[in-house]
1. Determine whether segment 85-96 contains at least one residue that is within 15 Å of the ligand (Cβ to nearest atom) and at pLDDT below 80.
2. When both residues are 6+ apart or on different chains and their Cβ atoms are under 8 Å apart, which pairs have a first residue that lies in segment 103-130 and is under 22 Å from Gln145 (Cβ atoms) and within 10 Å of the ligand (Cβ to nearest atom), and a second that is assigned to a loop (DSSP other than H, G, I, E, B) and modelled with pLDDT under 90?
3. Out of Leu45, Leu31, I need the residue that is surrounded by 14 or more Cβ atoms within 10 Å (Cβ to Cβ), within 30 Å of Phe122 (Cα to Cα), among the hydrophobic types (A, V, I, L, M, F, W, C) and in contact with a strand residue (DSSP E or B) (Cβ under 8 Å, 6 or more places away or on another chain). Which one?
4. Would you mind telling me which numbered condition in (1) loosely packed, with under 13 Cβ neighbours inside 10 Å; (2) within 19 Å of Asp9 (Cβ to Cβ) Phe121 fails?
5. Kindly check whether there is at least one residue in segment 112-126 that is out of contact with any helix residue (DSSP H, G or I) (no Cβ under 6 Å at 6 or more places or on another chain) and part of a helix (DSSP H, G or I).
6. So Lys14 passes all but one of these: (1) of a type in the set (D, E, K, R); (2) touching a strand residue (DSSP E or B) at 6+ places or on another chain (Cβ under 9 Å); (3) within 27 Å of His107 (Cα to Cα). Which condition number does it fail?
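The values are calculated or read from the model by the stated rules, or taken from the named source; none is laboratory data. Just so we're clear, the structure is a prediction, and the values are computed from it rather than from any experiment. Positions of Cβ are generated from backbone atoms using ideal geometry, with glycine treated the same way; all protein chains shown enter the neighbour counts.
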Amino acid sequence: MTVELDNTDVAIVKSLMQDGRKSFRAISRELKISTPTIKARYDRLVNIGLIKSIRPEIDISKISTKDKKKLPNELVDYIKNQKKNLRINLDNIKIKLECEFCEGPIHEKPTVLKFADIERFFCCTSCKNDYKEKYGGRIQSLIEQYEENKKIKKA
Ligand SMILES: [Zn+2]
């Protein structure tokens, strides 16, 4: 079975990747999508088997060296492998893209707008241009922010 995900599904997964304990209400505020919708989408993502589990990230530095030796092997193995604390099953996943401007489906190849480290997908060139016009100020400030961060990293 192939499962189709849309922009909302992907946004929810991305949000949970930052903090798996986040409440539906927090995700709702972040994505500006209603809480019941977030809950329904989340339940669906679990039901279709995309989200396998959300597990704690453990900070080993909080445990003294002496106590580390007392940890059960299971826990030591878990801590070593905990990069994947949000387990996602990528088999059979198809992403259904929606146009960032008109929210219509993108059938063939999307028209892509790239700025800073961001990519936005559109159904056609006119949606892309309208988006650029409408959000020009925001795009500009994101670019400036991105350049600024790059400078800070280099310094
Ligand atoms: Zn469009």
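1. At the first step, the residues of segment 85-96 found to be within 15 Å of the ligand (Cβ to nearest atom) are 96.
Right, trim to at pLDDT below 80 and you get 96.
Yes, some residue in segment 85-96 is within 15 Å of the ligand (Cβ to nearest atom) and at pLDDT below 80.
2. Hits for this filter: Phe121/Leu97; Phe121/Cys99; Phe121/Glu100; Phe121/Ile106; Phe121/Pro110.
3. Working: Leu31 fails: in contact with a strand residue (DSSP E or B) (Cβ under 8 Å, 6 or more places away or on another chain).
Only one candidate passes the filter, namely Leu45.
4. (1)
5. Yes.
6. That leaves (2) as the condition not met.
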